[in-house]
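Below is one structure, written out as structure tokens; comments come after it.
The values are calculated or read from the model by the stated rules, or taken from the named source; none is laboratory data. A quick note: this is a predicted structure, and the numbers were derived from the prediction, not measured. With ideal geometry, Cβ positions are generated from the backbone for all residues, glycine too; neighbour counts draw on all protein chains shown. Accessible surface areas use protein heavy atoms only, side chains included; no ligands, DNA or RNA. Shrake-Rupley method; radii C 1.70, N 1.55, O 1.52, S 1.80 Å.
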Amino acid sequence: MSPFALFLSTLLILSSSCCYAIGSQNNRTVLALASRIGINYGKLGNNLPSPYQSINLIKTLQAGHVKLYDADPETLKLLSKTNLYVTIMVPNNQIISIGADQAAADNWVATNVLPFYPQTRIRFVLVGNEILSYNTDQDKQIWANLVPAMRKVVNSLRARGIHNIKVGTPLAMDALRSSFPPSSGTFREDIAVPVMLPLLKFLNGTNSFFFLDVYPYFPWSTDPVNNHLDFALFESNSTYTDPQTGLVYTNLLDQMLDSVIFAMTKLGYPNIPLAISETGWPNSGDIHEIGANILNAATYNRNLIKKMTANPPLGTPARRGSPIPTFLFSLFNENQKPGSGTERHWGILNPDGTPIYDIDFSGTRSVSSFGTFPKPSNNVPFKGNVWCVAVDGANEAELGQALNFACGRSNETCAALAPGGECYAPVTVTWHASYAFSSYWAQFRNQSSQCYFNGLARETTINPGNERCKFPSVTL
């Protein structure tokens, strides 16, 4: 442990009563917001319903709050005809300009808040999205302007007499250097003093929330042997006791939330309330992505809602009884999100609006009353060979472009596709693209290559080759 981390660790007072009182007025605000589970409404798909249809679906779900990843005027106008609370977002690429210029903040508020408020019940403005998860030189300029931008947005709102819109920023769990056991929670050294201290001071001074994107799926799936699935799904009968505090944990989410509470406490801000800006569980994914299935997704989200809507609030072991405003991720499966298969499978609804699984946002329905699902086969790691092939019905022009990309990085990738080569025939774009995708993925997977190719590829356990042409594969 570094001297800095050791110093911070010594500041932690282990009494559970020392740190967690929240002002009564702010607590009423938290209670009002936390009593209504929210939904994240993302639009990274080419097959999604219109905003009008999507908002009607949100109303049908009886969600109480909707979080947007922008401030789309059409959506905000449509939301004025509902009683939904609304969260809007300042894009990452506008943080530097707003942080440097009050006039830019004024213009953003004038464009994205004033035309809709108060008819649209905007309650949060989130500045950026997980900006501390990126660390190029440009990103670090955004870090430096984060709190100045938040402050200028608040100044602009208050100058116009708006006091009930809170300003925050959602951060991922990678803002922490250590999160287990929860009492060891510590922010990364590169952000603790220059970014987190001023951010916590701002949140504390404005009675705002620490917004956290928190996914138990990821730590569980990284180490499913030591992190038991039932513990991640709120279904476990076993407990974990933090060796430093003696606090007893019955689920993985509480551990993750408390690690952030302890990290804030070590920087001198023990009382800032938490809000969960994203959480959920993938309903499907790539073959190697363990536990991504409908049963687990339904179980996690149903139990999460039950926990977060409990009356009186349950809180976490470090903050018993504290309500936590929570947004499920997400409304739809979004088929244009890049990355591994799970990235496109967090939705609770299909693009046609039908439910992937039933869910009750009020939390009043017994979890046991929902229908059952077949036992999934991917709760244990897949062992075997996997290939990457073109999806059925893919556009040939797009396939041709992807083929050129896959073959262009290395001469070895597509050598077998040369005229006279063992995989040259049949001479079709689909065949050549499938070989190129498999070869590229097998060659570069260790460098974070995905079997995706802008949505033109899929994984398969069926060998697409033949006696003459042996497709490269990935062995899991």
Long-range share for segment 256-320, i.e. C-alpha pairs more than 19 Å apart as a percent of all pairs, stands at 49
Taking protein heavy atoms only, a 1.4 Å probe, and rounding to whole percent, the accessible area of the chain owed to carbon and sulfur comes out at 51
Checked against the positive end of the charge dipole of segment 284-347 (+1 on Cβ of Lys and Arg, -1 on Cβ of Asp and Glu, about the Cα centre), the farthest of Gly341, Pro313, Ile290 is Pro313
Whole-Hz Karplus couplings 3J(HN,Hα) for segment 121-128, θ = phi - 60° and coefficients 6.51, -1.76, 1.60, Gly and Pro as x, run 7, 5, 10, 9, 10, 9, 9, x
Across all Cα atoms of segment 144-287, Rg and the largest Cα-Cα distance (Dmax), in Å, are 17.0, 54
Largest-first ranking of Arg36, Arg319 by accessible area, probe 1.4 Å, whole protein assembly kept, is Arg36, Arg319
If every Lys and Arg gets +1 and every Asp and Glu gets -1 at its Cβ, then about the Cα centre the chain yields a dipole, in debye to the nearest 20, of 1520
Taking the alpha-carbon centre of each part, the distance from segment 132-163 to segment 66-107 in Å is 13
Helix 294-308 sits off the longest principal axis of the Cα atoms of the chain, rounded to the nearest 10 on a 0 to 90 degree scale, by 0
quick note, segment 126-259, DSSP beta bridge pairs, % antiparallel (nearest 5) is 50
Taking Cα pairs closer than 8 Å and at least 6 residues apart, the relative contact order of segment 313-378 in percent is 17
Computed for segment 246-338: size of charge dipole around the Cα centre, +1 on C-beta of each Lys and Arg, -1 on C-beta of each Asp and Glu, debye to nearest 20, value 380
For segment 126-179, shape from the Cα gyration tensor axes a ≥ b ≥ c, cut at a/c of 1.5 then a/b versus b/c, turns out oblate
To the nearest Å², the heavy-atom accessible area per residue of the chain with 1.4 Å probe amounts to 43
Long-range amide H partners of Ile37, meaning residues 5 or more apart or on another chain whose placed amide H is closer than 5 Å, are Gly64
Projected area averaged over all directions for the convex hull of the alpha carbon atoms of segment 314-394, nm², comes out at 9.5
Where a ≥ b ≥ c are root eigenvalues of the Cα gyration tensor, a/c under 1.5 meaning rounded, otherwise prolate if a/b exceeds b/c and oblate otherwise, segment 388-476 counts as rounded
per DSSP, antiparallel bridges as share of beta bridges in the chain, % nearest 5, sits at 30
Rounded to the nearest 10 degrees, the helix 51-61 long axis (Cα) sits at an angle to the longest Cα principal axis of the chain of 70
Distribution output for segment 74-216: share of Cα-Cα pairs per 5 Å bin in percent, first bin at 0, values 2, 10, 19, 22, 19, 13, 9, 5, 2, 0
Cross-link reach from Lys266 to aspartates and glutamates, straight Cα distance under 15 Å and at least 8 residues apart if same chain, gives Glu189, Asp258
Treating only Lys and Arg (+1) and Asp and Glu (-1) as charged, each at its beta carbon, one finds that segment 128-222 has a dipole about its Cα centre, in Debye to the nearest 20, of 560
Among Ser221, Leu197, Ile131, the residue whose Cα sits farthest towards the positive end of the charge dipole of segment 122-275, when +1 is placed on the Cβ of each Lys and Arg and -1 on the Cβ of each Asp and Glu, is Leu197
Placing each pseudo-label 7 Å from Cα in the direction of the beta carbon, Ala144 and Thr206 end up separated by a distance in nanometres of 2.1
Of Glu189, Glu467, Glu459, ordered by accessible area with the largest first and a 1.4 Å probe, the sequence is Glu467, Glu189, Glu459
For the chain the mean separation of alpha carbon contacts under 8 Å (6+ apart) over residue count, i.e. relative contact order in percent, is 15
FRET efficiency for Ser236 and Ala425 from the Cβ-Cβ distance with R0 = 45 Å, rounded to 0.05, comes out at 0.25
For segment 29-181, averaging the sequence separation of alpha carbon pairs under 8 Å that lie six or more residues apart and dividing by its residue count, the contact order in percent is 22
Rounded to the nearest Å, the spacing of the alpha-carbon centers of segment 374-392 and segment 165-227 is 32
Output ordering of 254-260, 98-104 (per-residue mean of other Cβ within 10 Å, highest first) is 254-260, 98-104
Residue-ordered couplings for segment 184-193, obtained by feeding phi - 60° into the Karplus form 6.51 cos²θ - 1.76 cosθ + 1.60 and rounding to whole Hz (Gly and Pro as x), are 8, x, 8, 6, 4, 5, 6, 10, 4, 7
Once Cys407, Cys414 are ranked on solvent-accessible area with the largest value leading and a 1.4 Å probe, the list reads Cys407, Cys414
The helix 102-112 Cα axis meets the longest alpha-carbon principal axis of the chain at an angle in degrees, between 0 and 90 and rounded to 10, of 70
The orientation-averaged projected area of the Cα convex hull of the chain, in nm², is 24.3
Note: Asn395 to Gln336 extended length (0.36 nm per residue) minus current alpha-carbon separation gives 19.7 nm
